[in-house]
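Since the structure comes first, as structure tokens, the remarks are kept for the end.
The values are calculated or read from the model by the stated rules, or taken from the named source; none is laboratory data. The model shown is predicted, which means the values in this text are computed figures rather than measured ones. Ideal geometry is used to build each Cβ from the backbone, glycine not excepted, and the neighbour counts take in all protein chains shown.
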Amino acid sequence: MTNPPTAPGGGEERSSPGARLIQVLTRMQQLGATSLYLVPSRAPGPAGVEGGTTDAEAQPAGEATRSQAGLELAAAELAPAEDAEDAQLAARWSDVETRIRGCRLCRLCESRTQAVPGSGTRHTRLFVIGEGPGEKEDLRGEAFVGRAGELLTKILKAIDFARDQVFITNVVKCRPPGNRAPLPDEVAACNPFLDEQLDLVRPVAILTLGASATRTLLGTPIPISRLRGRVHLFRGIPLVPTYHPAALLRNPEYKRPTWEDVQLLRRVYDEGMAGRRPDLVPSSPA
Ligand code: SF4
């Protein structure tokens with residue numbers, strides 16, 4: 001319940017200390033380094049001398065300088081590549097948002113105040129998907145605001161996710177008039193944006209909120225009451241459905257199943273971050 005959900009660059013393996021160390025060591029080897037000396041940290045010595053062991057004592061003269069120089073050179077050579085990759089991802093992310101905001105691919109553009117690409121961060125491995133923006137979201141340009149949004153924030157907090165540590169979006173990015181469910185052609189028109197966002201975030205788990213989002217993504221008419229409580233797969237990503245926070249506000253009896261669902265989500269997320277696949281059940285329960 002404590003793993004941080006952030007992964008700079010959209011992928012933990014790109015930035016984890018272990019992966020980076022392997023990259024640096026590999027690069028050092030390519031640069032001709034044949035040995036590596038570990039320099040003890042410099043804690044104050046008993047007689048006021050800084051460090052119990054000096055660099056000269058820990059390794060032969062010259063080798064330390066060469067190793068350090070190689071390490072710094074390798075790190076310097078790697079850093080720009082990582083920065084460039086992240087800059088590229090940031091540019092793609094910004095490009096998707098710009099295209100969503102200017103999109104006129106379906107009739108929902110005619111009644112919206114503004115499109116809502118999503119809220120939160122792309123530096124996450126947890127993706128939350130609702131049906132579509134409501135009235136307040138349409139006005140503020142932010143996903144899941146108002147009472148339902150506040151409840152979602154509390155639900156996420158209960159499983160140790162701050163709202164700004166996840167990415168929250170909807171199946172369609174523009175408000176359907178009168179809060180009706182999105183029509184199939186609207187979903188189809190908007191789907192490529194969701195695909196692009198998923199590609200850039202590369203989540204290890206998806207939480208769907210409500211019957212409409214869940215059934216749309218899973219392509220099933222099965223009621224949410226029978227879809228929840230299980231792990232499904234959406235484009236190869238584990239998906240955990242639960243009730244929509246707005247439904248939860250109207251039906252307090254949904255609190256317990258929602259709590260069970262998000263605990264399941266947390267386990268699925270933790271397994272995913274540890275590189276394990278969760279136990280799946282068929283997405284079409286009898
Ligand atoms: S709902 Fe999606 S496809 Fe339709 S106009 Fe908005 S962004 Fe474009």
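At a glance:
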{"quantity": "Cross-chain or 6+ apart pairs with Cβ under 6 Å, region 257-282 first and among the small types (Gly, Ala, Ser), then modelled with pLDDT of 95 or more", "calculated": "272/204; 272/205"}
{"quantity": "When residues of region 172-193 are limited to those that are surrounded by 14 or more Cβ atoms within 10 Å (Cβ to Cβ) and more than 9 Å from the ligand (Cβ to nearest atom), the one modelled with the lowest pLDDT", "calculated": "181"}
{"quantity": "Qualifying residue in region 69-80 (condition: within 15 Å of the ligand (Cβ to nearest atom) and more than 26 Å from residue 260 (Cα to Cα))", "calculated": "no"}
{"quantity": "Filter result for residue 104 (within 11 Å of the ligand (Cβ to nearest atom) and either under 27 Å from residue 263 (Cα atoms) or loosely packed, with under 14 Cβ neighbours inside 10 Å (or both))", "calculated": "yes"}
{"quantity": "Any hit, region 230-243, residues being within 16 Å of the ligand (Cβ to nearest atom) and in the same structural domain as residue 121 (by TED's automatic domain parsing)", "calculated": "no"}
{"quantity": "Counted residues, region 145-162 - those being among the hydrophobic types (A, V, I, L, M, F, W, C) and assigned to a loop (DSSP other than H, G, I, E, B)", "calculated": "4"}
{"quantity": "Boolean, residue 229 is touching a strand residue (DSSP E or B) at 6+ places or on another chain (Cβ under 9 Å) and surrounded by fewer than 17 Cβ atoms within 10 Å (Cβ to Cβ)", "calculated": "yes"}
{"quantity": "Filtered residues of region 194-214 (kept if more than 14 Å from the ligand (Cβ to nearest atom) and surrounded by fewer than 20 Cβ atoms within 10 Å (Cβ to Cβ))", "calculated": "198, 199, 200, 202"}
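So that you can scan it fast, the table gives a plain yes or no per residue for (1) of a type in the set (A, V, I, L, M); (2) within 11 Å of the ligand (Cβ to nearest atom); (3) more than 23 Å from residue 240 (Cβ to Cβ):
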residue	(1), (2), (3)
119	no, no, no
129	yes, no, no
136	no, no, yes
144	no, no, no
151	yes, no, no
161	no, no, no
